Structures are given as structure tokens and as C-alpha cells.
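Right, one structure below, let's go through it.
The values are calculated or read from the model by the stated rules, or taken from the named source; none is laboratory data. Note that the coordinates shown come from a computational prediction; the quantities given were computed from them, not determined experimentally. Don't worry about glycine lacking a Cβ; one is built from the backbone with ideal geometry, like all the others, and counts go over all protein chains shown. Each accessible area value is taken on the protein alone, full model and side chains, heavy atoms only, with ligands, DNA and RNA left out. Shrake-Rupley method; radii C 1.70, N 1.55, O 1.52, S 1.80 Å.
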Amino acid sequence: MFNYITSGESHGRFLSAIVEGVPSGIEMDLPFINHELARRQGGYGRGGRMKIEKDEVQITAGVLKGRTTGAPIGLLLENKDFKIEQMPEISRPRPGHADLVGHLKYGEGIRAVLERASARETTMRVAAGATAKLLLREFNIAAASHVLEIGGISADVRGISFDEIVKNAPQSEVYCVSASASEKMKAKIDEARKNGDTLGGLLEVRVKGCPPGLGSYVHYGRKLDALIAAAMLSIQAVKGVTFGIGADFAKLPGSKTHDEIGYSKDRGYYRLTNHLGGIEGGMTTGEEIVTQVIMKPISTLRTPLKSVDIKTKKVEEAAYERSDICTVPALSVICENVIMIEISKVFLEKFGGDSLREIQRNYQSYLKQLQES
Ligand SMILES: Cc1cc2nc3c(=O)[nH]c(=O)nc-3n(C[C@H](O)[C@H](O)[C@H](O)COP(=O)(O)O)c2cc1C
């Protein structure tokens, strides 16, 4: 079973991940993993930290002659801005961050909390997710993402195709496929920066190439939409996840919601629409997976909100230290990689084997079963 664990602090010496359950025989394309990390570092609205770092991982275990051996894979990333011991203690917790409750719970001060709660940790989620991408690309399963809304400025991109997202999102500094909306989003970010404020937003992730039947309805812990939602919600500052037409399910009748079924000899069963976002009963239908993710605004404000000093217990302004203004574009890259981890889990659950070759055999035999169904 594909699984991973991360360790590391925002200003610690290293960030690391151990990725377990990757079969043997996968080409560990390091430039590809580092490219994903560079995409995570980008996006209009970042603070000064990303100018210091150039995120590149080293592979420390589980790979021989460029290919996975089946052993746990070690991934290591060195922080250029390594200065955790010199970082000042903070006594005025930021509303919206993990500061106050983390300190109440662990009792080692706010610095210890924010160093680990920080989304710097998502470098390792992206590195692990890129490993999942490498596994899934052997089966022509690919992910793409784009930003739909930042601070109330939204892009009308209904009907946009997967290939258009892949082509056009990287052209935009906010990873949005609409050039005009991108300019308005950037202006909104500039305005927030000027006011000492921050912004959240909405993004979409798509996955194409999944066969029908990944995930399961038989047990809540195996439903793919639930696995994806939990994984997304575990990412820093994510506050909501929907699938397909999302909030419109609340407005439309069933007749305009459910995806009618078609059949042709070439394609097998398919859907005339994809309102459900590629998942029914916790299983892939074979259509694209479509999911939207809501991000709350960054909680470190240059114009701070009220807080209480944990030493004096007096009402004060919350602490401020160098921070991002808007990271919805970066989050789109994180979600795109994190979703592939969840898909790898259900993929390996279904076609599992020790080597790529064994999984390919199992996969082909399932495709044959589908043709005969
Ligand atoms: C890519 C990314 C970058 C972030 N950068 C910052 C930041 O610079 N400053 C900040 O206060 N929060 C930042 N956050 C959000 C915090 O990490 C997050 O709000 C905090 O850990 C509390 O967790 P929660 O929002 O999930 O409750 C960032 C989040 C993401 C996804």
C-alpha cells in the first residue's frame, strides 16, 4: 500500500519523507520531481522565503540505477533558510494559525508549533506525490490543476478541457487559464499586499485515465471521494472539498444532475456528462475525476488582528513575521500531487504487486474483464 510520512520544520536543517509501498521497476525521474517542487514554489503572491529557497530533493534510499527497488524510498530536502535555533519566540498567537492551541496542547512555546504547522511541510507532500505521479504515468493516469477564484475574483472557465488546463495554467502567474481573470486576481493580490491583508480562493484538480472501479462502496474507509477529501483537508489552510458540479448539487434537480450512461464497442460504458466528477459510490466511473478545493486566507497579517500576549495576558496585536499574501496557486500544485497519492493507494489495492511488471499484468487482465462486461 502506497504510504508516506514527512518530518521537518520550516526553518530546520532538512525536510524529509519516507515513501513506502512503491513497487519495484518505476523510473525515479528526479528532474520531474524537482520540477513539481519548483511549481509549488511559484505563483503570484508569495513572500520573501521562496526567493531564498531552491527546492530540490535528494533520493537517499530505495532506488538503484534510477529505478525503484520496492524498498522504502527516502527523500531529503535541505532548507537554505536553516536558522531554527535563532528564530525568536513568539508570544502573541496569530488567529487562524495553529499557534495558540498548539502551545496550549504541547507546552513548548509558539515557535515550536509554527515551525511544524507551517506549509513548508508540503514540499515533502509534493515530492511524495510526484513519486505517485511517476507510478501512475506508467498507466497513462495524469493530473492537472488550475485556479478558479482568488479573493472573490473568479474565472469563468466552464467546459475547459484537461489539455487546455495543462497548456494554459502554467502561462499564468496565478495558474489560472483565463488571461483576463489572471490580471484581475494579480491586482487583487497587490491590493491585499498594500493593505497588509491576505487572500484565499478556490482551485480545481482533475485526474484523467483512471479505469472504472478504483475505490469501493463496501466500507467507508475505502471510498475514494472520502480518501481524497480527507487528504485535501489535511493540507494547511484547506477548508472545503467538493466534487463535480459541487455546490450546484444543492440547486439542481436529479434530472439535471446525474450522468446518463452510454455504450460503444470502442469505449465500453461511458457517461454523456460528468456532473458527478468521475466518482459514484466511492468508485471511479472511468470519467475524469473533478474536485474543487477551498483555501482560507493566510493568517499572518501585516495589519494584525487582536490577540492576547501569552506572557502578560493583555490584549495585543497578533505577531507578524515574513509571510505569503496568497498561495492558492501553490496549493493547486500541492493538491494535484496529493490526489495522486490517494489514487495510488486504491490503484495498488486493486492491482497490487511487488513489481511494475506484475501490476501491468494484473491491470491488463482487468481491462480485458471490463471489455467482456
Ligand atoms: C502553500 C502554502 C503556503 C502557506 N504560507 C503561509 C504563510 O506564509 N503564512 C501563514 O501564516 N500561513 C501560511 N499558510 C497557511 C498555514 O500553514 C495554515 O493556515 C496553518 O498551518 C494552520 O493550519 P490550518 O489553516 O489548516 O488550520 C500556507 C499554506 C499553504 C498551503
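For the range 236-256, a residue qualifies if it is farther than 30 Å from His97 by Cα and either part of a strand (DSSP E or B) or of a type in the set (Lys, Arg) (or both), and the qualifying residues are Lys251, Lys256.
Screening Ile52 with (1) out of contact with any His (no Cβ under 9 Å at 6 or more places or on another chain); (2) at pLDDT 95 or above gives one miss only, at (2).
Could you list all residues from the range 180-220 that are within 23 Å of the chain's Cα centre (by Cα) and either of a type in the set (D, E, K, R) or in a helix (DSSP H, G or I) (or both)?
We begin by selecting, within the range 180-220, every residue within 23 Å of the chain's Cα centre (by Cα); these are 181-182, 185-186, 189, 198-216, 220.
Of everything in the range 180-220, those that are within 23 Å of the chain's Cα centre (by Cα) and either of a type in the set (D, E, K, R) or in a helix (DSSP H, G or I) (or both) turn out to be Ala181, Ser182, Met185, Lys186, Ile189, Glu204, Arg206, Lys208, Tyr220.
Looking only at the range 262-293, count how many residues are open to solvent by 80 Å² or more (accessible area, probe 1.4 Å) and touching a residue at least 12 places away in the same chain (Cβ under 8 Å).
Taking the range 262-293 as the starting set, the residues that turn out to be open to solvent by 80 Å² or more (accessible area, probe 1.4 Å) are 263, 265-267, 269, 272.
Next, from what is left, pick out any that are touching a residue at least 12 places away in the same chain (Cβ under 8 Å): 269, 272.
Qualifying residue count, the range 262-293: 2.
Among the residues making up the range 99-131, a single one is outside any helix (DSSP H, G or I) and under 15 Å from Ser323 (Cα atoms): Ser118. With the requirement that a residue be under 30 Å from Leu356 (Cα atoms) and surrounded by 17 or more Cβ atoms within 10 Å (Cβ to Cβ), what does the range 143-165 give you? Scanning the range 143-165 gives Ala143, Ala144, Ser145, Ile165. Please verify whether the range 327-347 includes one or more residues that are open to solvent by 10 Å² or more (accessible area, probe 1.4 Å), farther than 26 Å from Asn3 by Cβ and of a type in the set (A, V, I, L, M). No, there is no match, as no residue in the range 327-347 is open to solvent by 10 Å² or more (accessible area, probe 1.4 Å), farther than 26 Å from Asn3 by Cβ and of a type in the set (A, V, I, L, M).
Taken as a whole, the condition of being within 12 Å of the ligand (Cβ to nearest atom), under 30 Å from Thr312 (Cα atoms) and either of a type outside the set (Asp, Glu) or not in a strand (DSSP E or B) (or both) applies to Gly96. When each of Gly244, Gly201 is tested for being away from the ligand (no atom under 16 Å from the Cβ) and open to solvent by less than 40 Å² (accessible area, probe 1.4 Å), the lone residue that passes is Gly244. If you filter the range 294-322 down to residues that are open to solvent by 20 Å² or more (accessible area, probe 1.4 Å) and touching a Leu at 6+ places or on another chain (Cβ under 6 Å), you find that the one that is nearest to the ligand (Cβ to nearest atom) is Pro297.
If only residues of the range 132-147 that are in a helix (DSSP H, G or I) and among the charged types (D, E, K, R) are counted, the one that is farthest from the chain's Cα centre (by Cα) is Arg137. Within the range 173-190, the set of residues being without any contact (Cβ under 8 Å) to a residue 24 or more places away in the chain and crowded, with 19+ Cβ neighbours inside 10 Å comprises just one member, Ser178. Checked against (1) farther than 19 Å from Leu136 by Cβ; (2) surrounded by 18 or more Cβ atoms within 10 Å (Cβ to Cβ); (3) not aliphatic (A, V, I, L, M), Arg206 passes all but condition (1).
Do we find a residue being at pLDDT 95 or above, farther than 24 Å from Met295 by Cβ, more than 12 Å from the ligand (Cβ to nearest atom) and basic (Lys, Arg) anywhere in the range 72-85? There is no residue in the range 72-85 that is at pLDDT 95 or above, farther than 24 Å from Met295 by Cβ, more than 12 Å from the ligand (Cβ to nearest atom) and basic (Lys, Arg). Of all residues in the range 245-261, exactly one satisfies the criterion of being touching a residue at least 24 places away in the same chain (Cβ under 8 Å) and β-branched (Val, Ile, Thr), namely Ile245. For Asp259, the conditions (1) more than 16 Å from the ligand (Cβ to nearest atom); (2) assigned to a loop (DSSP other than H, G, I, E, B); (3) buried (at least 20 other Cβ atoms within 10 Å of the Cβ) are fulfilled apart from (3). Given the condition free of Cβ contacts under 8 Å to residues at least 60 places away in the same chain and either within 13 Å of the ligand (Cβ to nearest atom) or touching a Phe, Trp or Tyr at 6+ places or on another chain (Cβ under 7 Å) (or both), answer yes or no: does some residue in the range 105-113 qualify? Yes, the conditions are met somewhere in the range 105-113.
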